[in-house]
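Working notes for the structure below.
The values are calculated or read from the model by the stated rules, or taken from the named source; none is laboratory data. Source: prediction; values computed, not measured. All Cβ positions, even for glycine, are placed from backbone atoms using ideal geometry, and neighbour counts span all protein chains on display.
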Amino acid sequence: MEMISNYEPALAKNLLRFEKKKKKSPDAPFTLVPFNRLKPGTGTSHLVKGLIPRVGIVAVWGPPKCGKSFWAFDLAMHSALGWEYRNRRVIAGTVVYCAFEGAEGFKARAAAFRRHHNVAPDAEVPFFLMPTRLDLVKDHMGLIASIQGQSETPVLVVLDTLNRSLRGSESSDEDMTAYLNAADAIREAFECAVIIVHHCGVDGTRPRGHTSLTGAVDTQLAVKRDVVDNVLVTVEHMKDGPEGDMIASRLERVELGSDDDGDPITSCVIVPVEISKTRAAEGPRLTKNQQTMFSILHDGGCLTKEQWNERARDAGLGTSRKADLHDLRTALLHKQLVYETTSGFRVKQP
């Protein structure tokens, strides 16, 4: 066949013998989209700009008591109310929050949000709480039917937490795949974003259980506390979007009244803090070796564990005790200065 150095539609058509356009068979189960129709739309692709995709699966993970559920609730309420979130554009719409654990506490959480943000107690907000624990793999079609029958089509469904809605093992490839398929069915049914709130593993460096979760989600957000107890949410992974962005917050206590025994009823709300202040609190706490380890990664951009270790040994670290490199890396992770992605380790951007 003659080689084509410059693309010429007429010549290519002749050489490849595309003599006539074929009509789509009425029995063809799949549609093929021609290359010249592959053009990006002008509509927004995010529910929350730079954080949550308009349609997709999102993992929000972190250790117990790190504030991940409070943060997910706060973000969900901003979408339900159509409020900007930290100067980011938000798509307003119905939100369904599935509280598979601690559902009773959401009553106080909602009251605290109303009081802090001056939302009238009788204001109709398109936010719906689903307070029943279920087996998502078995019950997801029932959940979809319940949402369809009791609310408008949601723009966001939150599953809090994965552990409380999985009747299997988080470490099992089959069980985790089945769970993700169920979450994906919810996404497909409503063309919405689905947030899965999940715990961390033993070492605190990644989501607990099988790695198929990280591989399947469109966005992965890590939630951790820093040394001054701020709640830090970092974009670890985002398909077709930037990584490394950080949202800094703190939990603020709100008093709601007294119970029948006269004791105060309280809950918390998420309030913004300046990331620069968080950085200032973290920076001086680095040891000399931690600073060297950090600088190696900073200069390298993105390094695998092996690459980072090799460069650290070249700098004189870990030569007498191999575990020193693990300890230094773990310290930087705990101080929220670096994070791990599917491609390697990176420095968090201020």
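Assorted remarks:
- In the set (1) surrounded by 12 or more Cβ atoms within 10 Å (Cβ to Cβ); (2) at pLDDT 85 or above, the condition left unmet by Glu306 is number (1).
- Residue in the range 65-83 that is surrounded by fewer than 15 Cβ atoms within 10 Å (Cβ to Cβ) and closer than 21 Å to Ala222 by Cβ present: yes
- Failed item, numbered, when Gly43 is tested on (1) outside any loop (DSSP other than H, G, I, E, B); (2) at pLDDT below 90: (1)
- Residue in the range 264-283 that is at pLDDT below 90, among the basic types (Lys, Arg) and either over 21 Å from the mean Cα position of the chain (by Cα) or not assigned by TED's automatic domain parsing to the domain that holds Gly102 (or both) present: yes
For every residue, the table says whether it meets (1) in contact with a helix residue (DSSP H, G or I) (Cβ under 8 Å, 6 or more places away or on another chain); (2) under 27 Å from Val228 (Cα atoms); (3) touching a residue at least 24 places away in the same chain (Cβ under 8 Å); (4) not assigned by TED's automatic domain parsing to the domain that holds Lys224.
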| residue | (1), (2), (3), (4) |
| --- | --- |
| Ile296 | yes, yes, no, yes |
| Gly300 | yes, no, no, yes |
| Trp308 | yes, no, yes, yes |
| Arg313 | yes, no, no, yes |
| Arg321 | no, no, no, yes |
| Thr330 | no, yes, yes, yes |
| Gln336 | yes, yes, yes, yes |
| Ser343 | no, no, yes, yes |
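- The residues in the range 148-162 that are within 16 Å of the chain's Cα centre (by Cα) and touching a residue at least 60 places away in the same chain (Cβ under 8 Å) can be counted, and the count is 7.
- Filtering the range 156-185 to residues that are of a type in the set (A, V, I, L, M, F, W, C) and either modelled with pLDDT under 95 or under 16 Å from Ile52 (Cα atoms) (or both) leaves Leu156, Val157, Val158, Leu159, Ala183.
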